[in-house]
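What follows is one structure encoded as structure tokens, with my remarks underneath.
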Amino acid sequence: MPTEAIAWTDVTSSPVYLDAATAAPLHPVARQALLAALDDGWADPDRLYSQARRARQLLDAAREATAETLGVRPDELSFTPSGTSAAHTAVLGGLRGRRRVGRVLVHSTIEHSAVLYAAEQHVAGGGTAVEVPVDRLGRLDLDAWSTAVAGDQVASAALIAASHEVGTVQPVEEAAAACADAGVPLYVDAAQMVGRVPVPDGWSVLTASARKWGGPPGVGLLVVRKGTRWESPWPTDERESGRTPGTLNLPAVVAAAASLRAVAADAAAQAARLSPLVDRIRARVAAQVPDVEVVGDPEHRLPHLVTFSCLYVDGEALLHALDRRGFAVSSGSSCTSATLRPSHVLEAMGVLSHGNVRVSLHSGSTEADVERFLAELPEIVAELRQQAGVVGL
Amino acid sequence: MTVREPDGDVPETPAGPSGQRPDEVLDCLGQRCPLPVIALARRLPELPVGAVVRVLADDPAAAVDIPAWCRMRGQEFLGAHPGPAYHVRRAH
Ligand SMILES: Cc1ncc(COP(=O)(O)O)c(C=O)c1O
């Protein structure tokens, strides 16, 4: 008995976290800054006493550091309560700022749900949304995009810089050029890029999320470039240049800023280390798991993220089986989502949506983690297929 | 899953977008993906080349996964229509 228990523990003792695209593990710099700011940054930065002045210093420093990393002016940057709220604010504010021009929002079919739900609200309120398709690799149809943004009464356009589900990097600069020709401001959701790869130019509004780069959950970034016709969609509140209401979680903001600076300095090295691991996963999964579809653009992609779908396998069963072996991954399969719908991204690409797994790496991911995943995955999938009686179909 | 045979009571089944009447109906209503795809993968190879199967499936994932399966297996996806139903022709 004891021997067995030890053997079992050996196999599963070190959990492998492969879901950085949802939330990267808290960066040590974020943790340190968070703890320090809990002591030092709890006061309201808008008050006139010494504790408040200290909080104000911390907030100003966080804003300056983050703006510098992004290459924008500090007064163009607001901190929000999440990447989701930043995306809502970006979309609705862009529409509000140009409501006299028209009520048409152009966006890709593979935006994050935050953008799609904001678009849905706009449509429910009488506005129009024009969806631009992607190809099987998840790449934007640039011709359709250019035509759409040049249409009548287009108030704004939204494009995810790189897909959070399949990793495909979008032609942001080309899409931005089409927007510039049409005089339409472009909002870019850069949540999966900031802190990992350089963000392309040409946008007017940008958002990101701190938990994607190893900052704490509950901090988003909203950048509105000077001169952009943009108006906050929320009730009036003077904080954060009036762009996003409410008291900030200042310790979390400080931690987000400190960790962004740290990860940005290391980003190129991490991308160079993780991208070949992703290539390895793409090649080995395709070669060693029968009837699997590795999706997304194999070249123009994020360095840390790869997605594949296993034919005849139930996505939820696969996640549970991987979890039992110590692997934390996420999935775009319908049975794993709250809405019981397949991922709209996989749907838009026309690729298999069941048995779907997204693996996303972070600075703590090692070659050994990836090797262990690759060594165990074929057997896990084979077992599930055996149980379902679908071998040989 | 229930399988209705072509000589049974399927003549009221409307022709697919291709105009070809299905030879068989797979009723996968109420089944979660990947079950409708599995049912199709089991049955199609048992039918003659050229035969058309109508898969009734209301899991929204079927709309994505049945065409994707056809592409992966080199079978012919004829189209989707109200039902929700998906018509597939055995191509080889
Ligand atoms: C591309 C993208 N946009 C927006 C978000 C939302 O960010 P948050 O989780 O901070 O609300 C996420 C993450 O869920 C994302 O991946």
Given (1) within 14 Å of another protein chain (Cβ to nearest Cβ); (2) open to solvent by less than 10 Å² (accessible area, probe 1.4 Å); (3) within 18 Å of the chain's Cα centre (by Cα), number of the condition residue A:359 does not satisfy: (1)
State whether one or more residues within region B:34-42 are open to solvent by 40 Å² or more (accessible area, probe 1.4 Å) and away from chain A (no Cβ under 14 Å). no
Conditions (1) within 16 Å of the ligand (Cβ to nearest atom); (2) assigned by TED's automatic domain parsing to the domain that holds residue A:208 -> residue A:21 fails only (2)
Tell me the residue from A:132, A:106, A:149 that is at pLDDT 95 or above, hydrophobic (A, V, I, L, M, F, W, C) and more than 21 Å from residue A:344 (Cα to Cα), please. A:149
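Of the residues that make up region A:247-260, is at least one over 16 Å from residue A:158 (Cα atoms), without any contact (Cβ under 8 Å) to a residue 12 or more places away in the chain and surrounded by fewer than 17 Cβ atoms within 10 Å (Cβ to Cβ)?
No; the residues of region A:247-260 include none that is over 16 Å from residue A:158 (Cα atoms), without any contact (Cβ under 8 Å) to a residue 12 or more places away in the chain and surrounded by fewer than 17 Cβ atoms within 10 Å (Cβ to Cβ).
Yes or no: residue A:284 in contact (Cβ under 8 Å) with a residue 60 or more places away in the chain and open to solvent by 30 Å² or more (accessible area, probe 1.4 Å)? Give the derivation first.
Numbers: in contact (Cβ under 8 Å) with a residue 60 or more places away in the chain: yes; open to solvent by 30 Å² or more (accessible area, probe 1.4 Å): yes.
Yes; evaluated as a whole, the condition is true for this residue.
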Only one residue in B:22, B:82 is more than 24 Å from residue A:355 (Cβ to Cβ), more than 10 Å from chain A (Cβ to nearest Cβ) and surrounded by fewer than 18 Cβ atoms within 10 Å (Cβ to Cβ). Which one? B:82
Where a residue in region B:57-79 is without any contact (Cβ under 8 Å) to a residue 60 or more places away in the chain and more than 10 Å from chain A (Cβ to nearest Cβ) and its partner, wherever it lies, is in a loop (DSSP other than H, G, I, E, B) and buried (at least 20 other Cβ atoms within 10 Å of the Cβ), with Cβ under 6 Å and at least six apart: B:57/B:28
Quick one: would you say residue A:307 is more than 10 Å from chain B (Cβ to nearest Cβ), surrounded by fewer than 24 Cβ atoms within 10 Å (Cβ to Cβ) and modelled with pLDDT of 95 or more? no
Given the options A:316, A:383, name the one that is at pLDDT 95 or above, surrounded by fewer than 20 Cβ atoms within 10 Å (Cβ to Cβ) and not assigned by TED's automatic domain parsing to the domain that holds residue A:215. A:383
So in region A:166-223, with the set limited to residues that are in contact with a Ser or Thr (Cβ under 7 Å, 6 or more places away or on another chain), more than 29 Å from residue A:279 (Cβ to Cβ) and of a type in the set (A, V, I, L, M), which one is nearest to the ligand (Cβ to nearest atom)? A:221
Contact list please: Cβ distance under 6 Å, first residue in region A:103-124 and within 14 Å of chain B (Cβ to nearest Cβ), second residue within 11 Å of the ligand (Cβ to nearest atom) and part of a helix (DSSP H, G or I), pairs at least six apart or on different chains. A:110/A:345
Listing of strands (runs of 3 or more DSSP E) fully contained in region A:42-157 that carry 3 or more residues being open to solvent by 10 Å² or more (accessible area, probe 1.4 Å) and either farther than 18 Å from residue A:208 by Cβ or within 16 Å of the ligand (Cβ to nearest atom) (or both): A:128-132
Test set (1) assigned to a strand (DSSP E or B); (2) not assigned by TED's automatic domain parsing to the domain that holds residue A:67 - residue A:222 fails condition number: (2)
Of the numbered conditions (1) at pLDDT 95 or above; (2) facing chain B (nearest Cβ under 10 Å); (3) surrounded by fewer than 22 Cβ atoms within 10 Å (Cβ to Cβ), residue A:346 fails exactly one; give the number of that condition. (3)
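The values are calculated or read from the model by the stated rules, or taken from the named source; none is laboratory data. None of the values given here were measured: they were computed from a predicted structure. Glycine gets a Cβ as well: all are built from the backbone with ideal geometry, and neighbour counts include every protein chain shown. Accessible surface areas use protein heavy atoms only, side chains included; no ligands, DNA or RNA. Shrake-Rupley method; radii C 1.70, N 1.55, O 1.52, S 1.80 Å.
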